[in-house]
Structures are given as structure tokens and as C-alpha cells.
1. Name every residue in the stretch 91-106 that is surrounded by 13 or more Cβ atoms within 10 Å (Cβ to Cβ), more than 10 Å from ligand 1 (Cβ to nearest atom) and more than 20 Å from ASP53 (Cβ to Cβ), in order of residue number.
2. Does GLY137 satisfy the condition of being surrounded by 13 or more Cβ atoms within 10 Å (Cβ to Cβ), under 20 Å from the mean Cα position of the chain (by Cα) and assigned by TED's automatic domain parsing to the domain that holds ILE62?
3. Can you tell me which of (1) modelled with pLDDT under 95; (2) exposed (fewer than 14 other Cβ atoms within 10 Å of the Cβ); (3) not basic (Lys, Arg) is the one MET302 doesn't meet?
4. Go through the residues of the stretch 234-247 one by one and say whether even a single one is surrounded by fewer than 22 Cβ atoms within 10 Å (Cβ to Cβ), within 16 Å of ligand 2 (Cβ to nearest atom) and assigned to a helix (DSSP H, G or I).
5. If you check every pair at least six apart or on different chains, which have Cβ atoms under 7 Å apart with a residue in the stretch 34-53 that is in a strand (DSSP E or B) first and a residue that is of a type in the set (Asp, Glu) second?
6. Tell me, yes or no, whether the stretch 194-205 has at least one residue that is outside the structural domain of SER345 (by TED's automatic domain parsing) and charged (D, E, K, R).
7. Kindly indicate whether any position in the stretch 152-159 is touching a Cys at 6+ places or on another chain (Cβ under 7 Å), crowded, with 18+ Cβ neighbours inside 10 Å and in a helix (DSSP H, G or I).
8. So, in the stretch 322-362, exactly how many residues are buried (at least 17 other Cβ atoms within 10 Å of the Cβ) and β-branched (Val, Ile, Thr)?
Amino acid sequence: MNPNSDLHYALEAKYYTSKEIFEKEKNNLLSTTWLFACHDSEIPNVGDYFTFDLCDESLFVIRGKDGHIRTFYNVCQHRAHQLVQGKGNCRAIICPYHAWTYELEGNLRSGPNLASVQNLERRSIRLQEVKTENFKGFIFINFDNNAIAMDGWFPGVKTTLGEFVPNINLLKPMEWVEIPEKCNWKTSVENHSECYHCQINHKAFSEGVIDPSTYDIQPQGYCLRHTTQMNDCANMSYNVDLSVPHAKEYTTFFIWPLFAFQVYPGNFLNTYHWRPEDVDHCTVWRGWFSEHGEHDEVISKMVIQDRETTVAEDITLVESVGRGLKSRGYKPGPLVVDPSCGVNSEHSIMHLHKWYREGMDL
Ligand code: FES
Ligand SMILES: [Fe+2]
């Protein structure tokens, strides 16, 4: 119960510490929202596949003969052996247990001695598919077969992202940085979704990349759109090509609940995606993109600077919050919701909590 109903309060600690609530999140919120799988350049050829785990499920994406990318539960429809591991290429999906063989599009092709089984409708057997969408080369899945398309969730994002990153079709991952964090995934996502802490904790970012005075975050459907101008050219930690569109802007499209596209001044695309591991551990993946995935010296320096400054600083913050949320001495405090928004406002956290309550039926 809020002590003052005009105020917005942080979520109660149990939402970050309760194993039961974490289980409910996997079955509710995370089973009905769009979650990142991989970049389509990781499976460029027919038969390429990539396995990954989400919400206790092993899944794999695979490119069919028709060029389409599909996602399947990684489980054989005979007696439940897992089908593939890691990443690779295959002409058909062959189960290691009894060699039932599936087409790349999921239908059962054959199996040893299947012809001897009377009344078996082979065509009725196919791998269980998960709804999949290619969002500008980024593959997302949704466990809810009735989920509306990502454009409905994140209106206008595809178009604006394309304007900020005109070469997005040429981009491939140059580097993935894996960051384990000892905290609940929401602690990490909330930390990413406000810049109230930036000037105090992120000197390199606030002085060498962005101008905090113009920073704002606004909802756009279920996207949180961060916008600001870049810092003075003289202060920038790298040289920005000012001839590209939106060169002097910094923007982030946070795709609720576990992904963000981030565009640094000069149109440098990098991404965040979060993988909840258990109630108080998550992994954050930073993706850095270059044309054709080729080595780029400027990006390489940015990766190092980001890892040594913003990422390291944020780990300290979120892990401290992770410990604090387990303290009996913590009572949820009021969010700093400034009606005029801006860098020192936490209205963005208020939006996250609204979406969280919706997704969890609270
Ligand atoms: S479990 Fe896959 S062929 Fe038997
Ligand atoms: Fe931060």
C-alpha cells in the first residue's frame, strides 16, 4: 500500500527476490512478449541453425529451403530427445536417438521402420514451432502464438531505427560481450532505463559521449525511447563522421522487456539483451555491429571504453541493489517523477512497472 497515493513507488522487494514470482514471470510475462534470439547473419545459409535457452526451454532457429527463419522447440516428437546442440548446418534435422528425420521446415520426413506402423499419419507429425519475427535482421521469438506483430508493440521503431542506422542491412555482429550480473533481471533493466544515475556514476559516458542536459526518455508503445544530443565535438571520446544522418544524436530503443537497440553519435549500432538466469542472476549481452562484421578500430575502442567504464560502473550499482533488496531494512522509496521529465526523472521506471503489472496480471 502506498503511503501517499499521488506518488509512484519502487516495486516491493519480493518482485526481485521471490523464486515463486520468478517462476510466474517465466510463465506469464516472458511467455507473452518478444524476446531476442540471434542476428540473422549468424544463420546465413539454408540449413544453418543456432540453439539457445529461454525460460527453461531449449530452442533453435533454423533457415529453411525457402530462406525463411523458423524457431522450434528443441525436442523430438517421438520420445523427446533433444535434436541439435550449439550451432551448425544440416540438410535435415536428424534426431540422435532413433534417427527420426525432419525437414528444415519442421515436418517429419522419415524414420527407421516407420512404414511398419499401421495407420500412422506421418504428415501429422511436425516439430513444434514458436512464433518468430525478423526485425531489421534481429530475430525475435514469442511463445504466444497469438501475439501481435512487433510493429504493433513498438510502433514506428523499425522506421526510425532505419533512419538512424541507414546501413543496418549490411551490419553483422563484430563482437559480443557477455556480462554476468548478480541481480534480478529487472534491477539491471531498470538501471539501463533511467539516466538519473548517469552524471554521478558514468563520467566517461556523460562527458565523452552524450550531453546529459538534453537527455530524455519517452514511451513509444512498449518501447522506451532515449534521446539526446552528442557531447561537444571537442569532448567526444571518438571522431564522429558528421556527414551521416542524425550524426549528432544518441538514441536508444528499449524493446520491452529484454532488449535494446542503442545508436551512438555517428550511427554506431550496439545492442543489449538480457537473459534472466534465476531470480538473482542475469546475463547481459552487449552486441557491437559493423559493416559485414569487419574489424573497425573506432568500434573496437568503444567496446573497450564501454566495458571499462559504463559496464563496470553499472555492475557495481546493480549488484549493490541486488544485495539491498534482500535487506529487511528496505522499504520501497518514491520514484522521482518530474512532470517535465528530463535526465533527472524516473518516469521511465514508472512506465516499466506499469508494463510489468500488465504482463503479470497484478
Ligand atoms: S526420440 Fe527422437 S527419434 Fe526417438
Ligand atoms: Fe548506468
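1. GLU103, LEU104, GLU105
2. On the way: surrounded by 13 or more Cβ atoms within 10 Å (Cβ to Cβ): yes; under 20 Å from the mean Cα position of the chain (by Cα): yes; assigned by TED's automatic domain parsing to the domain that holds ILE62: yes.
Against the criterion (surrounded by 13 or more Cβ atoms within 10 Å (Cβ to Cβ), under 20 Å from the mean Cα position of the chain (by Cα) and assigned by TED's automatic domain parsing to the domain that holds ILE62), GLY137 qualifies.
3. (2)
4. Scanning the stretch 234-247 turns up no residue that is surrounded by fewer than 22 Cβ atoms within 10 Å (Cβ to Cβ), within 16 Å of ligand 2 (Cβ to nearest atom) and assigned to a helix (DSSP H, G or I).
5. PHE50/GLU42
6. So the first thing to find is which residues in the stretch 194-205 are outside the structural domain of SER345 (by TED's automatic domain parsing), and the list is none.
No.
7. Step one: list which residues in the stretch 152-159 are touching a Cys at 6+ places or on another chain (Cβ under 7 Å), which gives 154, 157.
Add one more test, that the residue is crowded, with 18+ Cβ neighbours inside 10 Å, and what stays is 154, 157.
Next cut, in a helix (DSSP H, G or I) only: 157.
There is at least one residue in the stretch 152-159 that is touching a Cys at 6+ places or on another chain (Cβ under 7 Å), crowded, with 18+ Cβ neighbours inside 10 Å and in a helix (DSSP H, G or I).
8. Residues meeting the conditions: 2.
The values are calculated or read from the model by the stated rules, or taken from the named source; none is laboratory data. None of these values were measured; they are calculated from a predicted model. When we count neighbours, we look across all protein chains shown, and the Cβ atoms used for this are built from the backbone with ideal geometry, even at glycine.
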